[in-house]
Amino acid sequence: KLAVEFPSEDIFLVTASPVIKAITNFKQVSKTLEEFDVEEQPSSLLEKRYPNIKVIQSGVKQLKSDERKIFTEDGKEYMYEKLCLCAGAKPKLISEGNPYVLGIRDTDSAQAFQKNLAQSERIVVVGNGGIALELVYEIQGCEVIWAIKDKAIGNTFFDAGAAEFLIPKLTAEKRETPIECKRTKYTTEGSEEKERPIAASDKLGSALGPDWHEGLCLKGTKEFSHKVHIEILCEVKKIHLQQEFIQLQRTSLTFPKEEKNVEPDEVLWPVYVELTNGKIYGCNFIVSATGVVPNVKPFLDGNNFAVGEDGGLKVDKHMHTSLPDIYAAGDICTASWEPSPVWHQMRLWTQARQMGWYAAKCMAADTVGESIDIDFSFELFAHVTKFFNYKVVVLGKYNAQGLGLDHELMLRCTKGQEYVKVVMQNGRMMGAVLIGETDLEETFENLILNQMDLSAYGEDLLNPDIDIEDYFD
């Protein structure tokens, strides 16, 4: 966006990764909903397309905002007129530096995971967001103990009702064959052959795209398809290596069977997870899918940034940080303007793309001294994704975020087919979750945006015999 806005200026993209993430197959589904793929491409493609962009492949060591300089790991320095920080976030690992704990954040870590899984009989997955959901669904031939701190799966996106709707898919033996992913995947040259040192986890690539598990063979050593056991309302208390566990003289559990009588495990595992509910399970390794923290560390030292409660750089409604001529966008920033009543920040690809595009517009407007209105994409929270092969659309305050007790829910559910939930407050629609091919997203988006009083329709709003989209066309 910057290259288009400033065709005669030099634009430097400083990135630690040899590939760039490009948005492809972009589709505007409705006013605020967009679908796209994220593809890895060599940076030379970007430079070819926009001759005024120069990609500098190096990590950033330091920012000196008073001198308007960026110092890179390879010992060089760059002056800037305007700077936008888009360094994303990094996985919040449950244990730093433990060789048996893997975070999944970028392509390299996904490949390391695939490699480890191929030799595994049991793994423990910790976390309850998008990556954990996808992972547990895709893994075959390996026992999975899934530890979540909530009552129901997928708490970032769903409520317990939606989780109940999805659970049968998790235990189904027969799996649909995944749709072949037709996009080219670029990897670092020769990365297949040379072993990457696991320890280099601070060298982060960019976040995975929405369909990151496509093309990875996520299969363990066993012959069955799916075995998942969910431990709810618990977190990891401690991780014991094999030697420590033997010295503890405690018992660990086998994979729970239907009969519920859990037996002590005779097998010795490389690593053991002790949960806050008192249970201990042995496994080959642990996947930490417990969310992310903004990647601000390289920029804080010596600069007086205002930082949000979640650790991100605070930005105002024109994506300015608290320092002059420094902007931030995506996972690294914390939106600190008064948000629309049906928008909230969530560290997702869709928002990263919108914020990046809008930050470039703001940088351009500031340069020529114009003022611009906040972008329409911040009017309504809207995200479309896929879980368990279902299309999933979440709109507005889909989990009644911040509405307190002053709201009511309406539900419609057809087992194995669709799940529709709307969040109502004072007769107005505030949010919705749509799972399956419901074709209701545009209608509901409009109803949330125009805040029409729907109390007259009552339960008929979700009556399958009434064609609601025609009604509100």
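Of note:
- Residues located in the range 377-422, provided they are within 15 Å of THR350 (Cβ to Cβ), touching a strand residue (DSSP E or B) at 6+ places or on another chain (Cβ under 8 Å) and open to solvent by 10 Å² or more (accessible area, probe 1.4 Å): GLU379, ALA382, HIS383, VAL384, THR385, LYS386, LYS391
- Restricting the range 424-473 to residues that are in contact with a helix residue (DSSP H, G or I) (Cβ under 6 Å, 6 or more places away or on another chain) and of a type in the set (Gly, Ala, Ser), the residue that is nearest to LEU380 (Cα to Cα): ALA432
- Meets criteria (surrounded by fewer than 17 Cβ atoms within 10 Å (Cβ to Cβ) and either in the same structural domain as SER336 (by the TED database) or not basic (Lys, Arg) (or both)) for MET452: yes
- Residue count for the range 62-115 satisfying the condition of being closer than 26 Å to GLY282 by Cβ, under 16 Å from the mean Cα position of the chain (by Cα) and open to solvent by 70 Å² or more (accessible area, probe 1.4 Å): 1.
- Among the criteria (1) of a type in the set (S, T, N, Q); (2) surrounded by fewer than 17 Cβ atoms within 10 Å (Cβ to Cβ); (3) assigned to a strand (DSSP E or B), the one SER340 does not fulfil is (3).
- Within the range 1-97, strands (runs of 3 or more DSSP E) holding 2 or more residues that are touching a residue at least 40 places away in the same chain (Cβ under 8 Å), more than 30 Å from PHE381 (Cβ to Cβ) and not basic (Lys, Arg): 11-15, 53-57, 60-64, 69-72
- The range 133-153, subset closer than 22 Å to THR254 by Cα and small (Gly, Ala, Ser), residue surrounded by the most Cβ atoms within 10 Å (Cβ to Cβ): ALA147
- Options GLY396, GLY369: the member that is on the phi > 0 side of the Ramachandran plot and touching a residue at least 12 places away in the same chain (Cβ under 8 Å): GLY396
- Out of ASN98, ASN52, sole residue that is outside the structural domain of GLU9 (by the TED database) and either modelled with pLDDT of 95 or more or not acidic (Asp, Glu) (or both): ASN98
- Sole residue being touching a helix residue (DSSP H, G or I) at 6+ places or on another chain (Cβ under 6 Å) and not polar (S, T, N, Q), chosen from LYS27, LYS1, LYS21: LYS1
The values are calculated or read from the model by the stated rules, or taken from the named source; none is laboratory data. A quick note: this is a predicted structure, and the numbers were derived from the prediction, not measured. Neighbour counts are summed over all protein chains in view; Cβ atoms, including those assigned to glycine, are modelled from backbone coordinates with ideal geometry. SASA here: full protein model, heavy atoms, side chains in, ligands and nucleic acids out. Shrake-Rupley method; radii C 1.70, N 1.55, O 1.52, S 1.80 Å.
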